[in-house]
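The values are calculated or read from the model by the stated rules, or taken from the named source; none is laboratory data. Predicted model, so just to flag it, every value in this text is computed and none were measured. With ideal geometry, Cβ positions are generated from the backbone for all residues, glycine too; neighbour counts draw on all protein chains shown. To get the accessible areas, we keep the full protein, side chains included, count just its heavy atoms, and leave off ligands, DNA and RNA. Shrake-Rupley method; radii C 1.70, N 1.55, O 1.52, S 1.80 Å.
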Amino acid sequence: MDYQALAELLFPNVTATVEEIEARYPARNLPEGAKVTRFAPSPTGFVHFGGMYQAVVDERLAHQSGGVFFLRIEDTDGQREIKGAVEALLRTLSDYGVAYDEGPRIDENGNLHEVGAYGPYKQSQRAELYHVFAKKLVAEGKAYPCFTTAEELEEIQETDKKAEIKNTDWHVAAEQKRAAMLAGRVFTMEEVRAHLAAGDPFVIRILANGDPDKKTKFTDQVKGSLEVPENDEDFVLLKSDGIPTYHFAHAVDDHLMKTTHVIRGEDWLPSLPKHIMLFNYLGFKMPKYLHTAQILKTDENGGKKKLSKRDMGAKMDDYREMGYVTEAVWEYLLTLLNSNFEEWHAQNPDKSCLDFPFNIKKMATSGCLFDFTKLNDVSKNVLSKMTADEIYTKFLDWAQQFDPAFAACLAADPDKAKAIFAIGRGGKKPRKDLTTWKDVKPYMSFFYTPYFSVDRTPLARFPEEDVTAVCTRFLESWDPADEMGAWFDKIKGIADALGYASDMKAYKADPTAFKGSVADVSMFLRVAVTGRENAPDLYTVMQILGDNETRARIQALMNV
Ligand code: GLU
């Protein structure tokens, strides 16, 4: 068989040579040890948590080493592509501050453009490159056209299935499958010409020469040392529409784009024999691989299962809707990614996550458990460390989308909102009232008249005349200009006058000697002013509400 002639017959329009293509993609000019990584999602309309996990590894490894991190859109599976999906993906990456150096970007007019010299960064625009390398493989007798139609293949598979059922020895079934595949390999040039003249569709398959009983050693950067069988499957390189399969595009793209480290899900591990064969056939140096652990969740029965796209938390956009800040999700991702992150963070509380020395060796080698309890813990900490100004700006941005009425309340008086957010913030032990933005409204809506209502129920166990007496005396003595000490002295005075202990020690020593304590007296006022038993610091609450509103609320409690 004249393979060169066969290649010309199959690819009459491919005129560029492999050398010309290689010249377009010169070695990258990077310092020794710099890593080149890529995030290569399919535009399915969202970024999966597992994808973000990989993207963070990509970003960290490249930028920590002075290398390059690029984004490649793997849109070779046309059917799965959703309109606007690339834009949505870019927005998610930008929301999370995952900074890539090369790849598609959205300009200020919302249009897509590309940055970088190793593009195109969308596989659908790289057809020429795949065809040049496919032609080369055919010309070298390492790949061949297969005219077996989809229906015929299905028939073969059906027969195989039956054979498999009949044959308890899988080896025999596998042999039959292989025989069917091999039958497609044998053809004459005349047959190829006749098929082409008839316009018959065909795929390009690799001519596999591996023996699956032979194993080669392979070192995965995450999984460690592996034994990988040789590939004996004539898998497809180019589909009948000329579009490459993942395997072929992976080899051609990562070679030309000079990827040094491929970070991808462990579900690709079984395909490794194919990739080893392809890189070998093409004469490409293999990149290093990091096959990342699957993200698992606990199911209803306490078992573990894959975090599927229908699960809450699987899509990165879910987090905004659930009210998590991106900083918290990042930090949580780092706790999952590197087992020593939390310890480092505790020792370096003021450093940014980006200062953390990310280490491949500390990555989970299998099943990585996603857990909302832990995320909430991280989130609480992250929010407690933000300044009131930061909280205000970020919350407002969220609330304008998810609770516009409440957002409008806050925006009407930014200083008031910031003063509320400032309560208990900034010290060594900041309050941790907020886990997500959904907690903000229940925490502080009572400050705003439309959300406040008088509620006496928490005081039902106390004599009504005591509550009224406390309120009356407080209104008589209240001066908003009082410092906290003076303010509290007045409350203590009211307690003493009404038979409630102002001294907690005395009260604890003999509770029966008093009607209650100053804590109860404060509680009457707290319920009056906030409508609840638990609320942030009462003195500050009154200061923020101001003279009129504080008085009106205390008065209102007496009137119900
Ligand atoms: N497009 C592939 C995926 O979404 C990328 C895998 C890889 O990173 O090589 O799974």
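Remark: region 243-256, residue by residue, has Karplus-estimated 3J(HN,Hα) of 8, x, 7, 3, 4, 5, 4, 4, 5, 5, 5, 5, 5, 5 Hz, where x stands for each Gly or Pro and the curve is 6.51 cos²θ - 1.76 cosθ + 1.60 at θ = phi - 60°.
Taking all protein chains together, THR219, THR92 sort by accessible area into THR219, THR92, largest first [probe 1.4 Å]. Take the Cβ atoms of GLU464 and LYS385, set R0 to 56 Å, and the FRET efficiency comes out at 0.80.
What does the charge count around ARG91 come to, taking other residues whose C-beta lies under 15 Å from its C-beta (Lys +1, Arg +1, Asp -1, Glu -1)?
On the way: positive: LYS83, ARG105, LYS315, ARG320; negative: GLU87, ASP95, ASP107, GLU108, ASP317, ASP318, GLU321, ASP397.
Net charge around ARG91: -4.
When the solvent-accessible area of the chain is split by element, carbon and sulfur atoms take up 51 percent of it, the probe being 1.4 Å. Taking only alpha carbon atoms, region 15-55 gives an Rg to Rh ratio of 1.17, where Rh is the Kirkwood radius. Sparse packing (at most 11 other Cβ atoms within 10 Å of the Cβ) combined with a DSSP loop state is found for the following trypsin sites (Lys or Arg not before Pro) in region 414-465: LYS428, ARG461. Helical content of the chain, expressed as a calculated mean residue ellipticity at 222 nm, amounts to -14500 deg cm²/dmol (DSSP H runs of 4 or more residues, -39,500 (n - 2.57) each, divided by residue number, nearest 500). What the Cβ-Cβ distance of SER308 and LEU369 gives, at R0 = 22 Å and to the nearest 0.05, is a FRET efficiency of 0.90.
Restricting things to alpha carbons, find the Rg to Rh ratio for region 22-143 using the Kirkwood radius for Rh.
1.00
Measuring against 24 Å, Cα to Cα, the residue pairs LYS214/LYS288; LYS351/LYS429; LYS351/LYS416; LYS285/LYS315; LYS297/LYS385; LYS362/LYS428 contain LYS351/LYS416; LYS285/LYS315; LYS297/LYS385; LYS362/LYS428 as the ones spanning a longer distance. In this calculation the C-beta distance from LYS418 to LYS239 is compared with R0 = 60 Å, giving a FRET efficiency of 0.55. Taking 15 Å as the cut-off, the amide N atoms of region 379-408 that come nearer than this to a point 7 Å along the Cα-to-beta-carbon line of LYS438 belong to 379-380, 399, 402-403. Summed over the residues of region 1-47 and divided among them, the accessible surface reaches 55 Å² per residue at a probe radius of 1.4 Å.
With all projection directions averaged, the alpha carbon convex hull of region 193-261 covers 6.6 nm².
Each part reduced to its alpha carbon centroid, region 454-533 and region 264-294 end up 71 Å apart.
Taking a quarter of the surface of the Cα convex hull of the chain gives a mean projected area of 36.0 nm². Of the beta bridges in the chain, as assigned by DSSP with both residues counted there, near 55 percent are antiparallel. Listed values for region 392-403 are Karplus-derived 3J(HN,Hα) couplings in whole Hz (6.51 cos²θ - 1.76 cosθ + 1.60, θ = phi - 60°), namely 4, 5, 5, 5, 4, 4, 6, 5, 4, 8, 9, 8, and x replaces Gly and Pro.
Each part reduced to its alpha carbon centroid, region 319-365 and region 91-108 end up 20 Å apart.
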